[in-house]
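> Below is the structure I would like to discuss, written out as C-alpha cells.
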Amino acid sequence: MVKKVDHIGVAVNNLEESVKFYEEILGLKLQGIETVEEQKVKVAFLPIGDTEIELLEATTPDSPIAKFIEKKGQGVQHVAFRVDDIEKALEEMKSLGIKLIDEKPRYGAGGARIAFLHPKSTNGLLVELCERKG
C-alpha cells in the first residue's frame, strides 16, 4: 500500500530561521512556502532526493502545530507515507483496527489529499497518509 516516504513534517517556532539552517547548513533548497488556512499552518518545502522536509509554523495559537510545540517542543511532528488511493488505504487501516483521526481525506499542503492515523495505533508516531496526483 505505501509507496514511499512522501515527507517528514517538522514543527518549528520560526519558519524563516529554520529555513536558514536547512539551506545554509544542510545545503537544501527552499522550493516554496504555502499557507494552509484549513490546517492553521505555514509550510516551507525543502526537497531532498525523492522526498522532502516540510517545516511547519503555526499561524494561530490554537493550531495543531502550536499545541504540539507547547506540549513537546520543536521537532518531528509527523511522517507522511505516499499512497495511490487514500480512500482505499483508510478503509484498509480501519479494517485492521487502526484508529483514524481522519475518517475522510482532507486538503493538505502542496495540493495533496491527506489523512492522519492516531498515534495510539501507530506506536506513538503521528502518521499521515498522502495521495498526490501527477
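The values are calculated or read from the model by the stated rules, or taken from the named source; none is laboratory data. Please read these numbers as outputs of a predicted model, since none were measured by experiment. Glycine gets a Cβ as well: all are built from the backbone with ideal geometry, and neighbour counts include every protein chain shown. With ligands, DNA and RNA removed, areas are computed over all heavy atoms of the protein, side chains included. Shrake-Rupley method; radii C 1.70, N 1.55, O 1.52, S 1.80 Å.
> Could you please state how large a percent of the accessible area of the chain is carbon and sulfur, counting protein chains only and using a 1.4 Å probe? Provide the component values of the computation, followed by the final result.
Numbers: 3960 of 7640 Å².
Within the chain, the accessible surface is 52 percent carbon and sulfur.
> Rounded to the nearest 500, what is the 222 nm mean residue ellipticity of the chain from helices alone, with -39500 (n - 2.57) per DSSP H run of 4+ residues and division by all residues?
Values: 3 runs with 25 residues, N = 134.
Theoretical 222 nm ellipticity from helices: -5000 deg cm²/dmol.
> Of Phe81, Phe116, which has the most accessible area and how do the rest follow, probe 1.4 Å?
Largest to smallest exposure gives the sequence Phe81, Phe116.
> In terms of modelled amide H atoms, which long-range or inter-chain residues lie less than 5 Å from the amide H of Thr35?
So Thr35 has HN proximity to Val43.
> Hey, another quick one. Step through the residues of region 76-83 one at a time and calculate ³J(HN,Hα) from phi using the Karplus curve (6.51 cos²θ - 1.76 cosθ + 1.60, θ = phi - 60°), rounding each to whole Hz and writing x for Gly and Pro.
Once θ is set to phi - 60°, the couplings for region 76-83 become 4, 9, 7, 10, 9, 10, 7, 10 Hz.
> Only residues of region 29-53 count here: report those whose backbone N is under 18 Å from the spot 7 Å along Cα→Cβ of Glu17, or say none.
42-44
> Taking Rg/Rh (Cα atoms, Kirkwood Rh) as the quantity of interest, determine which of (i) 1.05; (ii) 0.96; (iii) 0.98 was computed from the displayed structure.
Evaluating Rg/Rh (Cα atoms, Kirkwood Rh) on these atoms matches (ii).
> Heavy-atom accessible area per residue, region 38-134, 1.4 Å probe: how many Å²? Before the final figure, lay out each step's value.
Numbers: 5270 Å² over 97 residues.
Using a 1.4 Å probe on heavy atoms only, each residue of region 38-134 averages 54 Å².
> Could you derive backbone 3J(HN,Hα) for region 8-20 from the dihedral phi with the Karplus parameters 6.51, -1.76 and 1.60 (θ = phi - 60°), listing whole Hz in sequence and x where the residue is Gly or Pro?
Couplings: 10, x, 10, 6, 9, 6, 9, 4, 4, 5, 5, 4, 4 Hz.
> For region 93-122, list residues with backbone N below 18 Å from a point placed 7 Å from the Cα of Val2 toward its Cβ?
Of the residues in region 93-122, 93-102, 113-122 have backbone N under 18 Å from the label point off Val2.
> Give me the Kirkwood hydrodynamic radius of region 94-134 in Å, from all C-alpha pairs, to one decimal place?
On the way: mean 1/r = 0.0932 Å⁻¹.
For region 94-134, inverting the mean 1/r across all distinct Cα pairs yields 10.7 Å.
> Given H placed on each backbone N at 1.01 Å, which residues far from Ile48 in sequence or on other chains put an amide H within less than 5 Å of it?
For Ile48, whose amide H was placed from the backbone, the distant partners under 5 Å are Ile53.
> Given a cut-off of 28 Å, name the pairs among Lys99/Lys133; Lys42/Lys94; Lys20/Lys99; Lys3/Lys67; Lys29/Lys71 whose C-alpha atoms lie farther apart than that in the structure shown. Working shown, then result.
Numbers: Lys99/Lys133 26 Å; Lys42/Lys94 30 Å; Lys20/Lys99 37 Å; Lys3/Lys67 30 Å; Lys29/Lys71 30 Å.
The pairs that break the limit, which is 28 Å between Cα atoms, are Lys42/Lys94; Lys20/Lys99; Lys3/Lys67; Lys29/Lys71.
> Using only protein heavy atoms and a 1.4 Å probe, report how much of Leu30 is accessible, in Å² to the nearest 10.
Surface accessible to solvent at Leu30 totals approximately 60 Å².
> Rounded to the nearest 0.05, what FRET efficiency do Ile25 and Lys120 have when you use their Cβ-Cβ distance and R0 = 30 Å?
Numbers: r = 35 Å, r/R0 = 1.17.
After rounding to 0.05, the efficiency reads 0.30.
> Run the 1.4 Å probe and let me know the accessible area of Tyr107, rounded to the nearest 10 Å².
100 Å²
> On to the next question. Please list, in order along region 92-107, the HN-Hα scalar couplings obtained from phi with the Karplus expression 6.51 cos²θ - 1.76 cosθ + 1.60 (θ = phi - 60°), rounded to whole Hz, x for Gly and Pro.
In residue order, the calculated couplings are 5, 4, 4, 5, 8, x, 7, 6, 9, 7, 10, 6, 10, x, 9, 6 Hz.
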